[in-house]
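Q: What follows is a structure written as structure tokens; I'll ask about it next.
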Amino acid sequence: MEQRINTGAEVFCDLFSAYAPVVRFAYAYDGEIKVLRLKDIHPCLEENFLLQFLRVAKFDPSKALQKILRVYQHQDKLAEVFSKFSMSLQKAGSLNHIWFSPYRLENNSLLVIALGGKVDYNVYSFEERMYLDMLCLSEIARSPLNALCGVTIIDDYAGFNRRTFFEHTPRRIKLFVESMTGFPLRIKGYHVVNHPPVFSVIIKMAYPFLPKKIRDRLFLHPNDNWKTLHSHVPADILPEQYGGKLKQSSMINSFENIPEMDKHCRQQMQFGSLRNRHLRQSMRVISA
């Protein structure tokens, strides 16, 4: 009889079920060491979700499991923050600060352009911006091609001002970095452009929380008519404001379907530790 071969997701499910009673995951939370046991978790066992983590873990089930556990423990921190505010759909859709190039790099990574300096913190809180960033990255990670090939990010801080600087507190930066690096997504390059000298202070605050791979792929580009940027990202796939050849009208708005993105995010937040499930279930950041 022909033996059936398990898929990667099935292997992971078997691993989760077998180890659930005994595996414990220790992590730091507000300076206190806590222990998360698998039997205290309501897990998402959907194949597409599990495959996201298996791909980024190079199909090592144990590494994928650790990544998922880190996401679950971090979701509790996010729920505490996101349950304290809400914003209208109109407000969420008005920022439009993250765009995609219609063309990929030679390594097939998706080119993401974030307008970090565009955010008006007199209108949006840092947490509101972070939630929208999270929606965007979550949507990117759902694509198998993006999960395999990763993303290259250009973060444009034109418009960075005094208010922007003071919004970036150490606690917020830590939460932001942990949120963004927790996604099952490979960051192939992170390029910061149009940054003022004071931005180096924010980089120094973020640096201890960045994984080594991202530290090695972080570039702060000088004002040199985009020469150094073009040595990493070809002008053919860049919009004109970065010395590229694309019209802004050809760029893809990442927030074209916010209600669906928000719905998917809240569905995923249902899973995780049983202890704080009620808090995650009550979270509704974007209202009609």
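Values quoted throughout were computed directly from the atomic coordinates according to the rules given, and no laboratory measurement underlies them. None of these values were measured; they are calculated from a predicted model. All Cβ positions, even for glycine, are placed from backbone atoms using ideal geometry, and neighbour counts span all protein chains on display.
Q: Along the charge dipole of the chain, pointing to its positive end and built from +1/-1 on Cβ of Lys, Arg, Asp and Glu, which listed residue (190, 134, 201) has its Cα farthest out?
A: 201
Q: In the structure displayed, which of 67/174; 84/263; 118/188; 174/204 lie more than 22 Å apart, Cα to Cα?
A: Flagged as over cut-off: 118/188.
Q: Sticking with this one: Based only on other Cβ atoms within 10 Å, what is the fewest-to-most ordering of 105, 135?
A: Placing the least packed residue first, the sequence is 105, 135.
Q: Would you report the distance distribution of C-alpha pairs in the range 158-201 as whole percents per 5 angstrom bin, up to the bin with the largest distance?
A: 5, 16, 22, 25, 21, 9, 2
Q: Let me ask something else. Across all directions of projection, what mean area in square nanometres is found for the Cα convex hull of the range 128-255?
A: Over all viewing directions, the range 128-255 projects a mean Cα-hull area of 8.2 nm².
Q: Report relative contact order for the chain in percent, whole number only (criteria: Cα-Cα under 8 Å, sequence separation at least 6).
A: Over the chain, the number comes to 24 percent.
Q: Ranked by Cβ crowding within 10 angstrom, fewest neighbours first, how are 139, 46, 178 ordered?
A: 46, 178, 139
Q: Along Cα→Cβ, 7 Å out, is where each label goes; now give me the distance between the ones at residue 219 and residue 240 in nm to one decimal.
A: 2.4 nm
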